[in-house]
Amino acid sequence: MLWSFAYLAARGLFALVFLLGRSGRSKELEILVLRHEVAVLRRQSGRPRLTRADRAFLATLSRSLPRAAWASFSVRPETLLRWHRRLVARRWTYPHAKPGRSPIEPAAVTLILRLAKENPRWGYRRIAGELKGVGVAVSATTVRSVLIEAGVPPAPERAGLSWRAFLRQQAATALACDFLTVETVFLRRIYVLFFISLATRRIEYVACTSNPDGGWTAQQARNLMMQLGDEQPFRLLIHDRDSKFGGGLDEVFRSEGFKVIRTPVRAPNANAYAERWVRTLREECLDIS
């Protein structure tokens, strides 16, 4: 008991000497900390919950007090250090935008697409310059990205007329012809030549033979011209590069004012109207898939 009393007396004496040796400013700051903690306790019932302002206030005061005086705080020294590190990190963290370019406004995208479609000969730089004149600042690279994403081709390809658009415009004056083969019961192959109107999908003329040479095809062209007469509206003939069309058929049509268009090699889609009629004939009439 005597030794315990002596230990407590010595501890109190040393604490008194340390307190007397501290400056008045340190004591005032410690009193301010204690007052703030009392205010926190009075503000809430039960376990105190510190707000962000409370943490910032206590962390700031902790840097002004010696480490030995941190015992007056209601939280551990590790907690004070963590709060202070957060304050420093927030102080030196600058707001920054997301990486990459900012997205272009929808109104500018609509304007770019409109200019490209209404002016098929304008390139990326021309479109960007026209937009700059109306107050929309975009680069040629941005214009290129917008057009590629929308499926709009570059100016040289945009200025030209696609094959599909050409056929739609000239369908009323265009004929297509092709051959199809039919196997007879006795395994004899018959070649069928037909001419189809692109506008009406009507078969204007059909003929068949087992030996379709150039002279025969030229004669069928003459027969077609006689059947159509002088009032016929056709001015275009489309066919593939089959050698059976090389015996004078093109000359017969050219003499009547036709323009003959030969499709590319191995491009059945270029003569899609004739190919589609052949498929229909095989499936619905000949029962051949």
Exercise. Out of 181, 200, report the one residue that is more than 28 Å from residue 166 (Cβ to Cβ), polar (S, T, N, Q) and outside any helix (DSSP H, G or I).
Key: 181
Quiz item: How do the pairs read when you match residues in the stretch 94-120 that are under 16 Å from residue 151 (Cα atoms) and small (Gly, Ala, Ser) with residues anywhere that are surrounded by 10 or more Cβ atoms within 10 Å (Cβ to Cβ) and modelled with pLDDT of 85 or more, using Cβ under 6 Å and keeping only pairs 6 or more apart or on different chains?
Solution: 116/147
Quiz item: What pairs come up if the first residue lies in the stretch 166-188 and is within 19 Å of residue 282 (Cα to Cα), the second is modelled with pLDDT of 90 or more and exposed (fewer than 11 other Cβ atoms within 10 Å of the Cβ), and their beta carbons are under 8 Å apart, counting only those six or more places apart or on different chains?
Solution: 181/189; 182/189; 183/189; 188/210
Quiz item: Looking at the stretch 190-230, which of the residues that are over 26 Å from residue 168 (Cβ atoms) and hydroxyl-bearing (Ser, Thr, Tyr) is least open to solvent (accessible area, probe 1.4 Å)?
Solution: 217
Exercise. Test residue 252 against the stated conditions and say whether it is more than 48 Å from the chain's Cα centre (by Cα), surrounded by 13 or more Cβ atoms within 10 Å (Cβ to Cβ) and touching a residue at least 12 places away in the same chain (Cβ under 8 Å).
Key: yes
Quiz item: Say we look at the stretch 257-278 and pick out the residues that are in contact with a Leu (Cβ under 9 Å, 6 or more places away or on another chain) and not hydrophobic (A, V, I, L, M, F, W, C); which of these is least open to solvent (accessible area, probe 1.4 Å)?
Solution: 273
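The values are calculated or read from the model by the stated rules, or taken from the named source; none is laboratory data. Just so it is clear, the structure is predicted and the values come from calculations on it, not from any experiment. Neighbour counts run over all protein chains shown; Cβ positions are idealised from the backbone, glycine included. Each accessible area value is taken on the protein alone, full model and side chains, heavy atoms only, with ligands, DNA and RNA left out. Shrake-Rupley method; radii C 1.70, N 1.55, O 1.52, S 1.80 Å.
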